[in-house]
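Working notes, beginning with the structure itself.
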Amino acid sequence: MSIIEAKDVVTSFGKNVIHDGVNFQIQQGEIFGLLGGSGSGKTTLLREMILLQKVTAGQMFVLDKDVSQISNDEAQELRQKWGVLFQFGALFTSLTILENVAIALKEYTNIPDWLIEESALMKLSMVGLPPKVATMFPSELSGGMKKRAGLARALALDPKLLFLDEPTSGLDPQSARAFDELILTLRETLGITVVMVTHDKDTINNVLDRFVILGNKKVMFDGNMDLLKLTTDPILQKFLN
């Protein structure tokens, strides 16, 4: 079942056209990648999916809602059904890790404080962080731990969809591979659909079920690594190598 669909999406900033008729579908339960060279509009597409930016033309459907034509109330409801991990974690530096994870629970639920704390601690445990991290501040964490804390916050409301922007960027190889394993485990245990922007070759090879490669303002390729290896397109072969 399709959980996200882009239909003839056009994105432009003034006269600068980023996307000109982009089409793809993302199926429920997939780990799906948005790939492409610098300036191809990977993160822009992600921003359009999570309502941080509007498409110029065409349609973007997320969880059966056309996010290019959505009311404020519908948008607010939809935002509670996904989690987002931004490239550098985007944690609030003045708050403890527990307070960071608890933000969405305080904002969108009416559950008591003790239950919010328990739920936040459970999410930290889910992403492999020990309880002592809860009272620490972002500045006290390593890059890998910040990413995991950001992921715990993204999972706070038990979302159906998880959006990741360059999740292994800035991590050492060992931390990056551990993060990949975590994403695979979360998909397995939670049945969550994951959409990520990445250029990490190991992630592309070992984590993604399917991906699109953006180029020339369109989708140049839609498939998996096995299919990409069969390509005779010189531009795609260059990407592969």
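Things worth noting here:
- Reported count of residues in region 55-67, each being without any contact (Cβ under 8 Å) to a residue 40 or more places away in the chain and in contact with an Asp or Glu (Cβ under 8 Å, 6 or more places away or on another chain), is 2.
- Of the residues making up region 29-69, just one is in contact with a Lys or Arg (Cβ under 8 Å, 6 or more places away or on another chain), within 27 Å of Leu240 (Cα to Cα) and surrounded by fewer than 18 Cβ atoms within 10 Å (Cβ to Cβ), namely Gly29.
- Any hit, region 79-97, residues being over 23 Å from Val133 (Cβ atoms), assigned to a helix (DSSP H, G or I), of a type in the set (Lys, Arg) and under 19 Å from the mean Cα position of the chain (by Cα): yes
- Hey, Lys123 in a helix (DSSP H, G or I), in contact (Cβ under 8 Å) with a residue 24 or more places away in the chain, over 21 Å from Ile204 (Cα atoms) and in contact with a Pro (Cβ under 7 Å, 6 or more places away or on another chain) or not: no
- Of everything listed in (1) closer than 30 Å to Thr189 by Cβ; (2) modelled with pLDDT under 95; (3) under 15 Å from the mean Cα position of the chain (by Cα), the single unmet condition for Ser2 is (3).
The values are calculated or read from the model by the stated rules, or taken from the named source; none is laboratory data. It should be emphasised that the depicted structure is a prediction, and the values quoted were computed from it without experimental measurement. FYI the Cβ positions are ideal-geometry reconstructions off the backbone, even for glycines, and counts take in every protein chain you see.
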